[in-house]
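Reading through the C-alpha cells given below for one structure.
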C-alpha cells in the first residue's frame, strides 16, 4: 500500500510503498476513500523541511537550548549526530481521513468491519488508528463532507475554550479552512462575528455568510471596525486561526478586545508578545490543543481509557461526533471549500501548489476503492548482494536507537565480518522503509513472523518496545536464530525462565543483550588494573532525567519501569567489574515518588565487593548523566560520562574525543564470535543473572 511521507531534514516528499499493516489491539484498520490536506499545517511542514539548519534552529529556540545543554554533557560530535539523526526522519502527512473499516483489534466495539468512518489517519491507502480517534459517519453524510470532521473539531475545540455567549461579538483572525469553519460555528452559537484576513477570496466567502469580513491589506485601523460594532467597547473574544511566523495576530487580538476579554490561539503564530497589550486590559490568553481533551494523552489515545462523561463532557472523540451531527443537520456547509480533488497517486505534485497558491482552502485526495492488498514483503533496490555472507541479519524494530547507533555500526563492520542486512520490519512500516533504504537492507517484511520464517536469516536484532522483547526473543530462538535484544531481555520472572529453558534446549544459539557499557574503552582500561576485585567498592550515580508518569516506559505492562528498563545497564556493569556473581540486592526508593525512578540499589558480590547504584530522576540536566567512582586497594578511578577516566594512585587514565559507551566494541566482539563459532562475549549465565536481579529490584518496589 502507498503512503505519503516527508523527510524533515530536506523536505523531500515520497509516495512510499509500505507493507499493509496488521491490526493491533485497541486499533482500527481503515481503507481510505478520501483524505483532506490541512493546508496551513502541511505548508508549514513543507517550508520547515526545505529550510536550512540555521533557519530550522531559529524556528525552534527551545530545541536549540536543549542542543546546547546536550553538548555540555555529551560533547559536540555526539550532539550533532543526534540532531542530524532526529531530522533525518520520515513523518506521515495528513490527519483528516475517511474510509471503510476492514478490521478491528481486540477490545474495539464502537465500530465494525464495513462501517464508513472518519479518523485522524494520515494520507495513505490503509491507515491504522486508535479507536478513540475513529467515529462512525451517519448514512446521510457524504465522504466529501465527512472528511472535514477532524479539521472542524480543531475549530470546535477553540470555540469551546472561548465559550462565547449568545449575542456577544467575536473576532476571527485568519480565514483559512479552520477560520472559515470557526465562523460557521460561532454563527450557529448566535454570535456576531468579525473576520480578518489578507485573501480577497476567503474574505468574500466569509462575507457571503453575513459576517463583517475585513481585508487587512486595505484596512489601516481594524480596531475601529470592532469599536463601531460594539459601541466602543471592543470584542468579547478573539480566536486566532492564522498560521504564520508573525507576531502581528496576537497584537491585533489584544487591540480588538474589550477590557477583560479573552484570546484563544488555535493556529500557529510567532512566539513574541507584548505584556503591555494584555496587562492594561487584563486579557486572558489560552492555547487550544488540537481536537480536544484526550489529545496527546497516551492513556486515552493509545490505551483506550476514556474520560468520565460527567467530568469531561467533550473529548476529542465526542467532538468528532458533534461535528458529524452538525453536518447531518446541515448546520455546517463545506460545499464551497473544495478547490481541487487529486488522485492519490499524483499526491507529490499536489504539494507544489501549496507553496505557490495562497488562496487554496480545501484540497482533497481521492483513492481507488480496490480490494485491500494482502501483506507482503517489499524488496528494496540496493547494492549487489554480498557473496557468501556468513551472517544474514534481520532487524525487528527501526527506532532512533537502531538508526543512530546499531545500524551505523553494523554498516561499518559489514565487510569485516561478512554481514548481510537481509530484512527489516517495524510497527508502522514507515521507519523500516526509511532505514531499509538508507542502510541497504534487501527486504522490508510485513510482519515479524514473516521475517522469522525466512530461513536465510540466521541472526535477529530486536529493538522494539520492552513488553515485546520476551515473545520476540522466544519466537526467534524457536526459529533457530541467534538473537541480539536491546535491554531489557524481558519484564517478568516467568518469561526469563522460559527463555532460559529455550537456551538450554538450543546450546548452539547465542543470545546477547545490549549491555554495551562493559565494552567501553574506559571500562576496559579500568578493568585491567583491578587484580583484587574482592576489595572493590563502587558507586555509580545516574542522573536519569525525568520522564512523565504516563510515558510508556513507566507503564508496568509496556515499559516495565525504569529499573528493569534502564538501570539494568548499571547492574550489569557492576557484575562485570565484580567479576563474580551478585549475592544480594537491596532497593531503597525515595518516598512519595509515584514514578519510582529515584532509587538507590545496594549490590553485594559473592566475593564481598560492594556497589551502590544511585538511579535518580530528580536532578538537573546540566549535571553529567553518568558518573562512576571505584575504590580498590589504595587506588581510585573516576569515570565521567564515558568521556574521561581519571585515576588516583594508578595509571591508565583515558580521555576520548566523544562519548564512547562501547556499542561498536560490543557488536564487533559478538559478530566475531558468531563468525568464528566462539563463545559469546557476555556469558549467557551473566545475562540471565543480571536480568533476574533487575526484575527482582523492580518487583520489590510498590507496583506501578
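Computed from the coordinates by the stated procedures, all read-outs in this text should not be read as laboratory data. As the structure is a prediction and not an experimental result, all values here were calculated from the model. When we count neighbours, we look across all protein chains shown, and the Cβ atoms used for this are built from the backbone with ideal geometry, even at glycine.
What do you get for the angle between helix 430-439 and the principal long axis of the chain? Use alpha-carbon atoms, 0 to 90 degrees, nearest ten.
That works out to roughly 50 degrees.
Which FRET efficiency value, to the nearest 0.05, is calculated for residue 359 and residue 47 with the Förster distance at 30 angstrom and r the Cβ-Cβ distance?
Result of the calculation: an efficiency of 0.95.
Given the C-alpha centroids of the range 421-471 and the range 548-613, what is the distance between them in whole angstrom?
30
Which three extents, in angstrom, do the Cα atoms of the chain have along their principal axes, listed largest first?
Rounded to whole Å, the extents work out to 88, 59, 47 Å.
Points 7 angstrom from Cα along the Cβ direction at residue 633 and residue 657: gap in nanometres?
3.5
Say a paramagnetic label sat at a point 7 Å from the Cα of residue 142, along Cα to Cβ; which residues of the range 29-45 have their backbone N under 14 Å from it?
34
Expressed in nm to one decimal, what extension gain is obtained for the pair residue 504 and residue 590 from 0.36 nm per residue of sequence separation less their Cα-Cα distance?
Gain on stretching residue 504 to residue 590: 27.1 nm.
Output the 0 to 90 degree angle, nearest 10, between the alpha-carbon long axis of helix 684-699 and the longest principal axis computed from the alpha carbons of the chain.
The angle comes out at about 50 degrees.
Using label points projected 7 Å from each Cα along Cα→Cβ, tell me how many nm separate residue 401 and residue 418, to one decimal.
3.1
P(r) for the range 85-165, please, calculated from all Cα pair distances in 5 Å bins and given in %.
Histogram of Cα-Cα distances, whole percents per bin: 3, 13, 22, 20, 16, 12, 8, 5, 1, 0.
In Å and on Cα atoms, what radius of gyration and Dmax does the range 243-297 show?
Computed over the Cα atoms of the range 243-297, radius of gyration and Dmax are 12.3, 36 Å.
As an exercise, take the mean of 1/r over every pair of distinct alpha carbons in the range 152-287, invert it, and state the Kirkwood radius in angstroms.
Taking every pair of different Cα atoms in the range 152-287, averaging 1/r and inverting gives 14.4 Å.
Considering the convex hull of the alpha carbon atoms of the range 386-514, report its projected area averaged over all viewing directions, in nm², one decimal.
In nm², the orientation-averaged hull projection of the range 386-514 is 7.3.
Using only the alpha-carbon atoms, how far is helix 466-478 inclined from the longest principal axis of the chain? Give it as 0 to 90 degrees, nearest 10.
50
What three numbers, in Å, describe the spread of the alpha carbons of the range 517-699 along their principal axes, ordered from the longest?
For the range 517-699, the Cα extents along the three principal axes come out at 43, 40, 36 Å.
Normalised by the empirical 2.2 N^0.38 Å for globular proteins, what value does the Cα Rg of the range 435-478 take?
Relative to the rule-of-thumb radius for its length, the range 435-478 sits at 1.20.
Nearest 5 percent is fine: what portion of the DSSP beta bridges confined to the chain is antiparallel?
Taking every DSSP beta bridge with both residues in the chain, the antiparallel ones total about 55 percent.
What number, rounded to the nearest 500 deg cm²/dmol, is the helix-based mean residue ellipticity at 222 nm of the chain, given -39500 (n - 2.57) per DSSP H run of at least four residues and division by all its residues?
One gets -9500 deg cm²/dmol as the mean residue ellipticity at 222 nm.
At each listed q (0.15, 0.18 Å⁻¹), what is the log10 of I(q)/I(0) that the Debye formula gives for the range 483-600 modelled as equal alpha-carbon point scatterers?
The Cα Debye sum returns log10 ratios of -0.87, -1.17.
Sorting check: for 651-662, 626-637, 488-499, 217-228, which peptide has the highest mean count of neighbouring beta carbons within 10 Å, and how do the rest follow?
Per-residue Cβ counts within 10 Å, averaged per peptide and sorted highest first, yield 488-499, 626-637, 651-662, 217-228.
Applying 1/(1 + (r/R0)^6) with R0 = 22 Å to the Cβ-Cβ distance of residue 165 and residue 281, what FRET efficiency is obtained, to the nearest 0.05?
Given R0 = 22 Å and the Cβ-Cβ separation, E is 0.70.
Normalise the Debye intensity by I(0) for the range 73-223, one equal point scatterer per Cα, no solvent, then take log10 at q = 0.15 Å⁻¹ and round to two decimals.
Each listed q maps to, in turn, -0.90.
Assuming a viscosity of 0.890 mPa s and a temperature of 25 °C, what translational diffusion coefficient in µm² per second does Stokes-Einstein assign to the range 286-412, Rh being the Kirkwood radius over Cα pairs?
117
Grab the beta carbon distance between residue 233 and residue 296, set R0 = 25 Å, and tell me the FRET efficiency rounded to 0.05.
My answer for the efficiency is 0.10.
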